[in-house]
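Throughout, read-outs are computed from the coordinates displayed, never taken from laboratory work. Predicted model, so just to flag it, every value in this text is computed and none were measured. Positions of Cβ are generated from backbone atoms using ideal geometry, with glycine treated the same way; all protein chains shown enter the neighbour counts.
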Amino acid sequence: MSAGQGVRRKQRSDKKRQVAPTISMELRDTIYRLNYITGIPVKDVCEAICHSGLSSRKVIEHLSQYFRRDLYFGNTLYRGVPERPPQFRKIPAGKTGRVSTRLRARDYELLSALAYSLDCTPSRATAILLNAAIRDTDFLNSYIREYLRKELDERRMEELRKVLRYLRKNNPYDEDITWTHLLAYIYHEVRDGAQSVAETVNTFINRWK
């Protein structure tokens, strides 16, 4: 190598790409509530939501109604309709906020394909994806369950499963009670935001018994 010739650094295959979508304040507040409840950084919450949405046939199926160009998802081809209005209309001024996240290379590739099908920028596609994926009860239920599993020992998890079974059995409404509902219920019953999740659950379990 000749003098003065620089060494090109090899780019990591798992290097993340940053996106900073502008979203509605309602959606932003919901994401920050998940951040507050779990203590997980907002950028990581957003990444988890995006990853789930990009992996979910249900979410892609929902978004396909807006596709202006074709998109392959697994073995399924979703046909785009060029006459559909593009999904880049701005949210009314004063009702937006920005969040920032970083996506793994594979997820960013999928996001770019989604943006192409929606005929909008990756940033706008991220906003659309976040809005759709966070409404998926399967995602929220799985996210909260996995979070609790990491925070609590097996004994406390089993106590929570008993509570969940009780709530489901005695639910007068025609709806499923999820882990998300359970955590919200626990916080409502304990009403002490100063406690950690483990302490809050302990207090709740002791009262429950």
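Modelled spin-label separation between S100 and S24, with each label point placed 7 Å from Cα along the Cα-to-Cβ direction: 2.5 nm. If R₀ is 30 angstrom, what is the calculated FRET efficiency for the pair D176 and E61, using the beta carbon separation as r and rounding to 0.05? After rounding, the FRET efficiency stands at 0.90.
Between Y32 and N202, full extension at 0.36 nm per residue minus the direct alpha carbon distance yields a gain of 58.8 nm.
Starting from the Kirkwood radius over alpha-carbon pairs of the range 120-173, derive D by Stokes-Einstein at 25 °C in a medium of 0.890 mPa s and give it in µm² s⁻¹.
Working: Rh = 13.6 Å.
Estimated via Stokes-Einstein, D reaches 180 µm²/s.
Of all aspartates and glutamates in the structure, the ones whose alpha carbon falls short of 20 Å from that of K43, not counting any fewer than 8 places away in one chain, are D14, E26, D29, D107, E109, D136, E146, E151. Phi angles across the range 160-165 convert, under the Karplus curve 6.51 cos²θ - 1.76 cosθ + 1.60 with θ = phi - 60°, into 3J(HN,Hα) values of 5, 4, 5, 4, 4, 5 Hz, Gly and Pro given as x. In this structure the amide hydrogen of T96, modeled in the peptide plane, comes within under 5 Å of the amide hydrogens of M25, none closer than 5 places in sequence on its chain. Between K16 and V42, the simple label model (points 7 Å from Cα in the Cβ direction) yields a spacing of 1.5 nm. As a calculated quantity, the FRET efficiency between Y185 and E154 at R0 = 35 Å, using C-beta atoms, amounts to about 0.95. Close amide H pairs (under 5 Å, H built 1.01 Å from N) link R68 with V81, L118, D119, residues at least 5 positions away or on another chain. Here's how it looks for F73: its modeled amide H is under 5 Å from those of Y78, which are all 5 or more places away or on a different chain. At q = 0.12, 0.14, 0.19 Å⁻¹, what is the base-10 log of I(q)/I(0) for the range 11-124 according to the Debye formula with one equal point scatterer per Cα and no solvent? Please give it to two decimals. So the normalised log intensities are -0.47, -0.64, -1.12.
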